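Can you keep this structure in mind? I'll have questions shortly.
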Amino acid sequence: MKTLILFSSANKHGNTAKAVEKIKANHSIEVIDIDTLTITPYRYGNDYPSDDFYSLVEKMLSSDNLVFASPIYWYSVTAPMKALIDRMTELLEVATLKPKARALESKRGFVVTSSGQQHLCPIFQGFFSELFRYFNIEYTATLHAACHNGFSIVEQDIRTFNQILNNQ
């Protein structure tokens, strides 16, 4: 199965990046740092200049597993990740793009995150639960690094996440 990690973090070597590295160690995965892309914010008129959004959507469509990797900032994802997710709305609003939105239905969705809390924020998890439901993406697994006392992920959680990612 082909896996695409959509990564965003203000700290490129921080806790979320460390969690992504724990996953990459066991898989052949493409990681895209969406912070380096130009994604125009969502517009109701759906009038966009040329940017990186459509090429990113093509990469998403060619993948089986979509992993959204973002630290939790104020109960939510990073601003670039939010811009990407907002822009995904366009896929269901523009008639010529609806087949692409429907093609997302066959994907499995994953979340990798880190926070200063022991447990995953329910607001953050609910955000992805609703995003995946909106696009009929199967919410498959979440990996959370609890970093209130330094970087920490339970090794069994990593093994379980990797097994699920491998569809086992």
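Taken together, the values in this text are just the output of simple stated rules run on the coordinates, not laboratory data. Since the structure is predicted, the reported quantities are computational estimates derived from the model, not experimental observations.
Which whole-number percent is the relative contact order of the chain (Cα, under 8 Å, 6+ apart)?
About 25 percent, as a whole number.
When the helix-only estimate is applied to the chain (DSSP H runs of n ≥ 4, each -39,500 (n - 2.57), divided by the residue count), what is the mean residue ellipticity at 222 nm, nearest 500 deg cm²/dmol?
Helices in the chain give a 222 nm mean residue ellipticity of -10500 deg cm²/dmol.
Can you tell me the orientation of helix 155-165 relative to the chain, as the angle in degrees between its alpha-carbon axis and the longest Cα principal axis, to the nearest 10?
30
Which pairs break 28 Å Cα to Cα here: Lys24/Lys98; Lys22/Lys59; Lys24/Lys59; Lys22/Lys100; Lys2/Lys22?
In this structure, Lys24/Lys98; Lys22/Lys100 exceed 28 Å between Cα atoms.
Another question, if that's okay. Quick check: the angle from helix 122-134's long axis to the longest principal axis of the chain, C-alpha only, nearest 10 degrees?
40
Need one number: % antiparallel among DSSP beta bridges in the chain, to the nearest 5.
Roughly 5 percent of the beta bridges in the chain run antiparallel, per DSSP.
Here is a follow-up. Work out, in µm²/s and without decimals, the Stokes-Einstein translational diffusion coefficient of the chain at 20 °C, 1.002 mPa s, Rh from Kirkwood over C-alpha pairs.
132
Further question on the same structure: To the nearest µm²/s, what D does Stokes-Einstein give for the stretch 49-121 at 4 °C and 1.567 mPa s, using the Kirkwood radius over alpha carbon pairs as Rh?
The estimated diffusion coefficient comes to 95 µm²/s.
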